[in-house]
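Here's the structure we're looking at; comments come further down.
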Amino acid sequence: MTVSSRPGLLPKPFGPESFADPYPTYARLRAAAPVHQVALPDGSPVWLVLREADVRRGLTDPVLTVDKTHAGNGYQGFSLPPALDANLLNLDGESHLRLRRLVSKAFTPRRINGLRQSVVHAAGRLADGIAAADICDLVNDFAIPLPVLVMGELFDVPEAGRRPFADWVSQMLAPAYPGQVGEAVTAIHGFLLDLVAARRRTPGTDLLSGLIAARDHDDALSEDELVSLAFLILMAGSENAQHLISNGVHTLLQHPDQLAELRSRPALLPHAVEELLRYVHPNQMAIRRFPTSPVRIGGVEIPAGDTVLLCLASANRDPARHPDPDRFDIHRPDTTHLSLGHGLHYCLGAPLARMEVEVALGTLLRRFPALRHATSPDALTWRSSFRSHALTALPLRLT
């Protein structure tokens, strides 16, 4: 495969037309070649890996590091202060494992089962809140508040600060104007510093108190690592579940036969959630990686230091892995997917995310048997981002 290394000559596959439905773009690129060098919307060059076997292998290849000190050739990421940047997404090897061990106890099956009743209660309260309306916006009235409530409980975040934090994360990932990323990062940084200071003054039994104890008494992590862990867990915990809930409801409404079956057979929900994770998970890409030495992927030699994007969404729709991959099927025998990662960087919060989405969908299907789109699905608006396939609003008619 011959490609140009000059960013100005590289194709730009990610445009506004792909925000609502990126999958045809992935299918076209994947059929042409397993790996493409393309330019991101900001012009920076990346190597896009599209086929499931290559993506799966890349997620565990030690030559592909997440450590940004190995980056070169025009990589541009968020400009985060050190107190937000020293997180699991930027660490490999023993450094990653050390931090992972500190927080893994918060996401054990026993801990998740203990949270389930809180999630059921929160979903019920949110359903009560929208029940009186004929039309609601599921994104803002239900899908965002639910994981925000859950993460707020896990970290004992004051209620007044929970929704602003989720809004700042959204602004950071999909800014509405130049400069909004910096404003959101500054707000998040200040919020977390205040939260850590408050918890130091008054420790509790929440996850943040445990991390502070590990920092102050066990010397198991630095101050930057402490705040960065809090940032990552709160961000990922609030961001991913909310979009999977809204994307999931939208997908089910577009497949009324399968929606009707889920209503009549709620026991199918866990399997349906796995198919939704494969079919419409919001995260399109794994965290960027950089070869520490030249590496060959899909027959293409990628130089050390270049930016590599492993496309999870493309891998999940690869016909070489999943027969008829663009068909949504809650009875699909094999719903294996890479949406939550693979290997060392597999999502710590995966059990919690699965449980939240299952409870959310079960609550909505049970409470609102007439649930349907309040506008044409073609009129829905999507986040302006190639990284995240997410609805900005989902108007639904409840009665």
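The values are calculated or read from the model by the stated rules, or taken from the named source; none is laboratory data. Because the structure is predicted, anything quoted here is derived from the model rather than measured. Cβ sites come from the backbone with ideal geometry, for glycine too, and all protein chains shown count toward neighbours.
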Query raised in the report: Can you name the residue in the stretch 160-179 that is among the hydrophobic types (A, V, I, L, M, F, W, C) and not in a helix (DSSP H, G or I) and, of all such residues, is surrounded by the fewest Cβ atoms within 10 Å (Cβ to Cβ)?
Result: 176
Query raised in the report: How many residues does the stretch 211-235 hold that are over 15 Å from residue 192 (Cα atoms), part of a helix (DSSP H, G or I) and touching a residue at least 12 places away in the same chain (Cβ under 8 Å)?
Result: 2
Report task. Go through (1) in contact with a helix residue (DSSP H, G or I) (Cβ under 9 Å, 6 or more places away or on another chain); (2) in contact (Cβ under 8 Å) with a residue 40 or more places away in the chain and name the single condition residue 141 misses. Result -> (2)
Query - helices (runs of 4 or more DSSP H) within the stretch 77-145 that include 1 or more residues at pLDDT 90 or above - result: 93-104, 109-131
**Report entry** Exclusive hit being in contact (Cβ under 8 Å) with a residue 60 or more places away in the chain and surrounded by 21 or more Cβ atoms within 10 Å (Cβ to Cβ), set 266, 291
**Finding:** 291
